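Undergrad: This is the structure, below, for whatever I ask next.
The values are calculated or read from the model by the stated rules, or taken from the named source; none is laboratory data. If you're wondering where the values come from, they're calculated on a predicted model, not measured in any experiment. Note: ideal-geometry Cβ built from the backbone for every residue, glycine included; neighbour counts use all protein chains shown. Ligands, DNA and RNA are excluded from the accessible area calculation, which covers all protein heavy atoms including side chains. Shrake-Rupley method; radii C 1.70, N 1.55, O 1.52, S 1.80 Å.
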Amino acid sequence: MPIPSEIQALIDRLNRELDETEGDVIAGLNLVRQRLSLFPENEILMQFFAALSNTLFFVEINRSRISNLVEQISPNDVPAEVVQDAGEDLGLILGRVLEAKMNANQLKTRLED
């Protein structure tokens, strides 16, 4: 059985959200690095750097999780309950990704101001 269209749509959305989050994080890291070069002892900038670095790590972990879930449900003989569980897991991941995306965007916005 191929991946159901609802789950494929969720996977596609997750990948887009992760790409956008990664873009915000990289932009934020570039900004914080510039400021840290001017103010290397600034604790707030160090916290921003750590938070953005953690978010980048979060993005990579979730890309791997999504890939593993897709591998689990890709074979033709996968039981429907495994597909349903994977869909639920992907939904949970989406919630966490959206939260991380908002946080990364807020940090980037604060650095731009």
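Undergrad: Which one of the conditions (1) surrounded by 11 or more Cβ atoms within 10 Å (Cβ to Cβ); (2) under 30 Å from D113 (Cβ atoms) does L90 fail to meet, given that it meets all the rest?
TA: Single failed check for L90: (2).
Undergrad: Just give me the residues in region 1-44 being part of a helix (DSSP H, G or I), open to solvent by 50 Å² or more (accessible area, probe 1.4 Å) and polar (S, T, N, Q), in sequence order.
TA: Once the filter is applied, which keeps residues that are part of a helix (DSSP H, G or I), open to solvent by 50 Å² or more (accessible area, probe 1.4 Å) and polar (S, T, N, Q), region 1-44 yields S5, Q8, N15, N30, Q34, S37.
Undergrad: Can you find a residue that is within 17 Å of the chain's Cα centre (by Cα) and among the charged types (D, E, K, R) anywhere in region 61-71?
TA: yes
Undergrad: For region 81-113, give me the residue count where each residue is in a helix (DSSP H, G or I), of a type outside the set (S, T, Y) and without any contact (Cβ under 8 Å) to a residue 40 or more places away in the chain.
TA: 12
Undergrad: Now a separate question. What is the residue count in region 44-76 for residues that are under 18 Å from A104 (Cα atoms) and not aliphatic (A, V, I, L, M)?
TA: Matching residues across region 44-76 total 11.
Undergrad: Can you say whether T109 is more than 30 Å from P2 (Cα to Cα) and either over 20 Å from the mean Cα position of the chain (by Cα) or open to solvent by 40 Å² or more (accessible area, probe 1.4 Å) (or both), as far as the supplied structure shows?
TA: Yes: the conditions hold for T109.
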